[in-house]
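Report on the structure given below.
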Amino acid sequence: MLKAPFIAVSRHRINLDGDGVVTLACFGSCPLRCKYCINPQCFEERDSWQTLTTEQLYTRCKPDELYFLATGGGVTFGGGEPLLRSAFISEFRRLCGPDWVLSAETSLNVKQDNVAELIPVLNHWIVDIKDTDPDIYRAYTGRDNSLVLSNLHLLADSGLTDKVTLRIPLIPDYNNEYYRQKSITLLQDLGFNHFDLFDYIIKNK
Ligand code: SF4
């Protein structure tokens, strides 16, 4: 059984991280360094991280199976960056079977092989776009966004646009409504139509 580090496993989340009743399982580790990250504990291993095998996570989730099936819920993998753990998620799918809705909250800033492995595994992709402008993205996350864009092409070319929700924030001091609209237009041209638009609220600004 594969094992992975988690910063938290949170049960009974309702309509927050996907439809219905959801267990949110947050992996440690993230390749990005977002300036307003709300989970900075992902950046370095901490005593509070817990290591779980796929079977141990399945055992934790199993008591909620009736809720999952009745509400169209399941397990959402977050982080950190869950797609760094694509093999773990694939093995989890083999354990839980086809009926639980499995989702990932991801930046898509991972190797294309990790994304391709999960195309037959995940029911829903929640993609944190940040901004599609390369300079804004680099300034905000410290990383290049070319992998994000190529992975979006892969999802679109795989016919998955209806399974993808794109989260596009207004990020104080980094983008504005003009740049957000440019991102939306670019993504619509790829065939995506499900957008979650919101503002980052930064305390003490
Ligand atoms: S992708 Fe998420 S976890 Fe990673 S640095 Fe950005 S906000 Fe933090």
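The values are calculated or read from the model by the stated rules, or taken from the named source; none is laboratory data. Since the model is a prediction, treat every value here as computed from it, not as a measurement. Counting neighbours? That spans all protein chains shown, and the Cβs are built from the backbone with ideal geometry, glycine included.
When we screen D144, D162, D131, D135 for residues that are part of a loop (DSSP other than H, G, I, E, B) and either more than 15 Å from the ligand (Cβ to nearest atom) or farther than 20 Å from C42 by Cα (or both), the only hit is D131.
Against the numbered list (1) surrounded by 20 or more Cβ atoms within 10 Å (Cβ to Cβ); (2) under 30 Å from K203 (Cβ atoms), E45 comes up short only at (1). For beta carbons closer than 9 Å, sequence separation of 6+ or different chains, a first residue in the stretch 136-153 that is more than 15 Å from T165 (Cα to Cα) and of a type in the set (D, E) and a second that is in a loop (DSSP other than H, G, I, E, B) and within 11 Å of the ligand (Cβ to nearest atom), the qualifying pairs are D144/N109.
Candidates S29, S48: the one that is in contact with a Lys or Arg (Cβ under 9 Å, 6 or more places away or on another chain), within 16 Å of the ligand (Cβ to nearest atom) and among the small types (G, A, S) is S29. Here L84, L95, L102, L108 are screened, and the one residue that is more than 15 Å from the ligand (Cβ to nearest atom), hydrophobic (A, V, I, L, M, F, W, C) and under 20 Å from G28 (Cα atoms) is L102. Residues in the stretch 18-35 that are assigned to a loop (DSSP other than H, G, I, E, B) and within 16 Å of the chain's Cα centre (by Cα): G18, D19, G28, S29, C30, P31, L32, R33, C34. For the stretch 172-205, the candidate set comprises residues that are on the phi > 0 side of the Ramachandran plot and exposed (fewer than 14 other Cβ atoms within 10 Å of the Cβ); within that set, the residue that is modelled with the highest pLDDT is D173. More than 16 Å from the ligand (Cβ to nearest atom) and either without any contact (Cβ under 8 Å) to a residue 24 or more places away in the chain or loosely packed, with under 14 Cβ neighbours inside 10 Å (or both): does that describe T59? Against the criterion (more than 16 Å from the ligand (Cβ to nearest atom) and either without any contact (Cβ under 8 Å) to a residue 24 or more places away in the chain or loosely packed, with under 14 Cβ neighbours inside 10 Å (or both)), T59 qualifies.
Selection of the stretch 97-125 for residues being of a type in the set (A, V, I, L, M, F, W, C) and surrounded by 19 or more Cβ atoms within 10 Å (Cβ to Cβ) yields W100, V101, L102, A104, L108, V110, V115, L118, L122, W125. With respect to L152, is the statement that it is away from the ligand (no atom under 14 Å from the Cβ) and under 19 Å from G79 (Cβ atoms) true? Yes.
Out of all the residues in the stretch 15-48, which are more than 23 Å from R138 (Cβ to Cβ), at pLDDT 90 or above and not polar (S, T, N, Q)? Hits for the stretch 15-48 are G20, V21, V22, L24, A25, C26, F27, G28.
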